[in-house]
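The values are calculated or read from the model by the stated rules, or taken from the named source; none is laboratory data. Quick caveat, the model's predicted, so the values are computed rather than measured. Quick reminder, even Gly has a Cβ in these numbers, built from the backbone with ideal geometry, and neighbours come from all protein chains shown.
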Protein chains: 2
Amino acid sequence: MRVSITDVARHAGVTPAVVSRVLNGDPKLQVRAETRDRVLAAARDLDYTPSHAARALRHNRAGALGLAVHDVANPLYGEIILGAQRAAAEAGHVLLLADIDGLARGDETFHRAVHGGAIDGLLLQRAGTPSDRKVITTASTRIPTVLLNDRSESLASVALDDAGGTRLATQHLVDLGHTRVAHLKVGGTQRSGQRVRGWRETLTRAGLSADPGWLVAGGHTVDSGLAGMRELLAVRPAPTGVVVGNVLAAIGALTAAREAGLRVPEDLSVIAFHDVTYAGHLVPSLTAVAMPMRELGAAAVALLLERLGGADPRHVVVRDPEPMLVARGSTAPPPA
Amino acid sequence: MRVSITDVARHAGVTPAVVSRVLNGDPKLQVRAETRDRVLAAARDLDYTPSHAARALRHNRAGALGLAVHDVANPLYGEIILGAQRAAAEAGHVLLLADIDGLARGDETFHRAVHGGAIDGLLLQRAGTPSDRKVITTASTRIPTVLLNDRSESLASVALDDAGGTRLATQHLVDLGHTRVAHLKVGGTQRSGQRVRGWRETLTRAGLSADPGWLVAGGHTVDSGLAGMRELLAVRPAPTGVVVGNVLAAIGALTAAREAGLRVPEDLSVIAFHDVTYAGHLVPSLTAVAMPMRELGAAAVALLLERLGGADPRHVVVRDPEPMLVARGSTAPPPA
DNA sequence: GGATGTAGGTAAACCGTTTTAATAACCGCG
DNA sequence: CGCGGTTATTAAAACGGTTTACCTACATCC
């Protein structure tokens, strides 16, 4: 049996009201120190924990946040999830995980969770698929929603300093002496645009050309990077360095280069946006720009809680810590 | 405002009781078809969804399951999480994510979630750290708990066919003609023992020696694989093939071999337990035994639900689909 | 025509907390 | 001694469902 507040009350010789008010520190409560102590002792003795459901019912808030992503198994999302989970726990909220593609397949559980008030707010990592739209409309009309890695006019959102990170990556290649630098971008989202901007600006500022032919669409999977790189390798004049918008895509890009008989970094330099633990163990080891994914997740939770507090939706860019260049073996000066 | 069951009742001209019983399909309810239709129509028109909290309070079960892992960002765990999440959703339960190391650091949120009845049961992927013990004692006395990738006498548990997978990997090397096959095991857990058994049995059955010197402890990180492999490379007589207990450790092992000037697979064959999407893009591409991680997650949820239904704890081994050999470029016949 | 049955509901308690308004006990004061 | 003012505590409603027991028509049967 659960031990309820009534049990504690009986044990302490008071009514449930007193127990509740003591335990929650009601400032309007006047109570003798001795009574307070009896209540606290009883609660401790019985190992009392308030019922989550009863609280949720009474307060009309669940103390839970939802997190919906496309690919739980993607290590980058994993970092976001970790950051979000910790921040939520710190704030006394639990984090509930959902799978966007599952949801959109008419997953009734999610609908019930949102409309039934099982979660107070939603973090959403969309990827531009049709599923996203469905999920957003289901959720955002009922509960505050925060977009991760994205920007929106109507909803709150958090993003990384995509432009800054790409600038850093591009500048690294420029500093090495590259004059023909391509960009394998990640997709058609807003953040992709920021990255393109970072790439273009850096080249322009260095007096170099940002040839549109060097801007090719990849994706955030190994295969999309492979395909994008194959495409890019056919472009003339051929670039000597490429900024890849995602670390998994970069792995595919390395494969494509190898297929084409190009040596990395001697013939072609590759630098990835995002870093992963094993990047240093690839062959060649992969130079990357590490982005604060964990902090992104934490910031998203903070923003969501802020919204739950009644604040207006806003857009936040996570710049702390800054994007960091991790120079490894896949970048070098261009061939002479 | 939320639309409550009372609103629906008023709209349909009946009492809340009828609405509840119609919507939940109470077999003991006698109702005219016309009335039933009115109720259903009202519920649809008002877009009614029952309150999660109220149900949870009344039924004394939350409709939520907890999943606690050590490393959310680990791609292997990601697969488990995905499988569990989908299975839970299918069964009408939501999945709640927790971070074991966070929990053990005196995370009050988790304690409140378990003791407050926010989750009905817990899936736990332990790793043999002291944190695990704390979490287990917190949870398992209050709610049914299922151990993932492990075995226990007192608790329910699910595991993979670790012995079978290792047999498959070892046999692959034996078939290629290797006679000196080492095993870089993953740790001190029960499942590690199963793998050692698979390795030993296969070699013995082939009339080969399972030299204790060829059994070295690694781990499930890149670094632990690196360290373990360095150790193994000092052993004489040197093995010509090695079965690595984890794919991340295998990546570290490849690095160690490269450091030592060994060519893979010409001088040394490496095969990993577990497969990941990018394994084919490593250099050399990594031969691996793919294990049904997603199904493991799903089976764990099924077992937990079974326990919630009152069944006794039992141990389940997920054998469907079977471990599958994915032959790639890191294995070849031994040097002549 | 009174007992019996059955279809079609309804009333009310209950789950565990929180919170507001009310009340009892006590005190000093005139 | 009766009154106002604290101080300490309580009673009760409310949150939104579910469920059991009960009630009311109406029809049936002998």
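Observations, loosely collected:
- Failed criterion for residue A:127 (all others in (1) assigned by the TED database to the domain that holds residue A:227; (2) within 19 Å of the chain's Cα centre (by Cα) hold): (1)
Yes/no matrix, rows are residues, columns are (1) modelled with pLDDT under 95; (2) over 17 Å from residue A:269 (Cα atoms); (3) in the same structural domain as residue A:169 (by the TED database):
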| site | (1), (2), (3) |
| --- | --- |
| A:194 | yes, yes, yes |
| A:200 | no, yes, yes |
| A:205 | no, yes, yes |
| A:209 | yes, yes, yes |
| A:212 | yes, yes, yes |
| A:220 | yes, yes, yes |
| A:235 | yes, no, yes |
| A:240 | no, no, yes |
| A:243 | no, no, yes |
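- Scanning region A:1-43 for residues that are within 20 Å of residue A:92 (Cβ to Cβ), assigned to a helix (DSSP H, G or I) and not aliphatic (A, V, I, L, M) gives A:20, A:21.
- Test: residue A:135 is in contact with a Lys or Arg (Cβ under 9 Å, 6 or more places away or on another chain), in contact (Cβ under 8 Å) with a residue 12 or more places away in the chain and part of a helix (DSSP H, G or I): yes
- Only residues that are more than 7 Å from every other protein chain (Cβ to nearest Cβ) and among the hydrophobic types (A, V, I, L, M, F, W, C) were counted across region B:49-81, and they come to 7.
- Scanning region B:44-93 for residues that are part of a helix (DSSP H, G or I), buried (at least 22 other Cβ atoms within 10 Å of the Cβ) and within 16 Å of DNA strand D (Cβ to nearest atom) yields B:52, B:53, B:56.
Residue-by-condition table, conditions (1) within 14 Å of another protein chain (Cβ to nearest Cβ); (2) under 19 Å from residue A:288 (Cα atoms); (3) in a loop (DSSP other than H, G, I, E, B):
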{"site": "A:169", "(1), (2), (3)": "no, yes, no"}
{"site": "A:172", "(1), (2), (3)": "no, yes, no"}
{"site": "A:183", "(1), (2), (3)": "no, yes, no"}
{"site": "A:195", "(1), (2), (3)": "no, yes, no"}
{"site": "A:210", "(1), (2), (3)": "no, no, yes"}
{"site": "A:242", "(1), (2), (3)": "no, yes, no"}
{"site": "A:251", "(1), (2), (3)": "yes, yes, no"}
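- Residue count, region A:275-333 (criterion: assigned to a loop (DSSP other than H, G, I, E, B) and away from chain B (no Cβ under 14 Å)): 15
- Residue in region B:35-48 that is nearest to residue A:56 (Cα to Cα), counting only those that are touching a residue at least 12 places away in the same chain (Cβ under 8 Å) and within 14 Å of chain A (Cβ to nearest Cβ): B:48
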